[in-house]
Amino acid sequence: MAMSFRDGQTEITVFEGLNFGVVSGKSLAIIGESGVGKTTLLYLLGGLEMPSKGEIKIGGNSITEHKGRGSELTRFRGENLGVIFQFHHLFAEFDALENVAMPLLVQRVSWSEARSRAKTLLEKVGLGKRLSHRPSMLSGGEQQRVAIARALVTKPGIVLADEPTGNLDVQTGHEVGQLLRQMHEELGITMVVVTHSHDLAKLMDSVVELTPSGVFERTL
């Protein structure tokens with residue numbers, strides 16, 4: 001797989017010749033220096049961007065086959081993927097329960113079922129007493145827990161996380177990392193985490209380093 005883009009008359013290669021996979025039900029950390037393309041790679045895995053060359057498969061289904069067919073790709077992502085960003089991107093006007101229920105409502109799940117599933121997950125991530133709190137009333141760690149619950153509420157087979165602890169202090173980052181590991185083990189989901197944190201990376205089943213010349217397994 002290769003990824004490049006044009007800047008005026010210049011074609012800039014982000015990476016090329018990437019070839020790796022993640023075993024279903026396992027967790028993988030992707031590390032690497034800033035600017036090497038880690039977030040771009042995660043966006044490619046999530047179908048948020050398309051590679052310049054090559055193919056990306058999830059469970060035997062090719063994401064790249066959906067190129068140019070936005071509605072199909074959106075539906076595929078909604079049914080198969082959960083995404084956690086460094087900045088939680090919660091809706092300020094909605095409380096924690098409503099934020100977590102939102103992906104289900106987009107899928108036309110009834111409010112009663114969406115509410116029930118959101119409540120269950122918020123309790124699982126330790127926010128059972130914060131259901132009616134809006135993001136401004138929550139700490140940074142609590143907001144990220146809401147974002148984790150939101151990513152899991154559709155019961156995706158795969159969760160992609162982009163620097164999920166990067167905006168948190170050390171202790172809160174450790175707690176969120178432990179929570180991600182716990183959710184991975186309890187729910188049996190495949191998890192791919194992009195991170196600068198070796199402490200978070202060590203919690204995953206395996207670690208690879210993205211470099212300009214390829215992806216290499218690492219032991220931390």
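Taking the range 1-25, which residues are within 27 Å of L203 (Cβ to Cβ) and surrounded by fewer than 16 Cβ atoms within 10 Å (Cβ to Cβ)? Selection gives N19, F20, G21, V23, S24, G25. Going by the conditions given, is L168 crowded, with 20+ Cβ neighbours inside 10 Å, more than 26 Å from E113 (Cα to Cα) and modelled with pLDDT under 90? The answer is yes for L168.
Does any residue of the range 43-59 turn out to be surrounded by 17 or more Cβ atoms within 10 Å (Cβ to Cβ) and touching an Asp or Glu at 6+ places or on another chain (Cβ under 7 Å)? For the range 43-59, residues surrounded by 17 or more Cβ atoms within 10 Å (Cβ to Cβ) and touching an Asp or Glu at 6+ places or on another chain (Cβ under 7 Å): present.
Scanning the range 174-201 for residues that are part of a helix (DSSP H, G or I), touching a Ser or Thr at 6+ places or on another chain (Cβ under 6 Å) and of a type in the set (A, V, I, L, M, F, W, C) gives V176, L200, A201. Restricting the first member to the range 133-153 and to residues that are within 13 Å of V176 (Cβ to Cβ) and free of Cβ contacts under 8 Å to residues at least 40 places away in the same chain, and the second to residues that are part of a helix (DSSP H, G or I) and hydroxyl-bearing (S, T, Y), the beta-carbon pairs closer than 7 Å and six or more apart or on different chains are G140/T172; G141/T172. Scanning the range 141-155 for residues that are more than 16 Å from I84 (Cβ to Cβ), surrounded by 13 or more Cβ atoms within 10 Å (Cβ to Cβ) and among the acidic types (D, E) turns up nothing. If only residues of the range 84-108 that are in contact with a Pro (Cβ under 9 Å, 6 or more places away or on another chain) and aliphatic (A, V, I, L, M) are counted, the one that is nearest to I148 (Cα to Cα) is I84. Does V100 satisfy being in contact with a Gly (Cβ under 8 Å, 6 or more places away or on another chain) and of a type in the set (V, I, T)? So V100 fails the test.
Among residues of the range 201-220 that are without any contact (Cβ under 8 Å) to a residue 12 or more places away in the chain, those with a beta-carbon under 9 Å from a residue that is part of a strand (DSSP E or B) and buried (at least 20 other Cβ atoms within 10 Å of the Cβ) at least six positions away or on a different chain give the pairs F216/V208; F216/L210; E217/V207; E217/V208. Restricting attention to the range 5-21, and to residues there that are at pLDDT below 80 and small (G, A, S), which single residue is nearest to G47 (Cα to Cα)? Restricting to residues being at pLDDT below 80 and small (G, A, S), the top hit is G17.
Of the residues making up the range 93-150, those that are under 23 Å from D162 (Cα atoms) and small (G, A, S) are A96, A101, A118, G126, S136, S139, G140, G141, A147, A149. Only residues that are touching a residue at least 40 places away in the same chain (Cβ under 8 Å) and over 19 Å from T211 (Cα atoms) were counted in the range 39-55, giving 3. Taken over the range 117-139, the residue count meeting the criterion of being exposed (fewer than 14 other Cβ atoms within 10 Å of the Cβ) and small (G, A, S) is 4.
The values are calculated or read from the model by the stated rules, or taken from the named source; none is laboratory data. It should be emphasised that the depicted structure is a prediction, and the values quoted were computed from it without experimental measurement. FYI the Cβ positions are ideal-geometry reconstructions off the backbone, even for glycines, and counts take in every protein chain you see.
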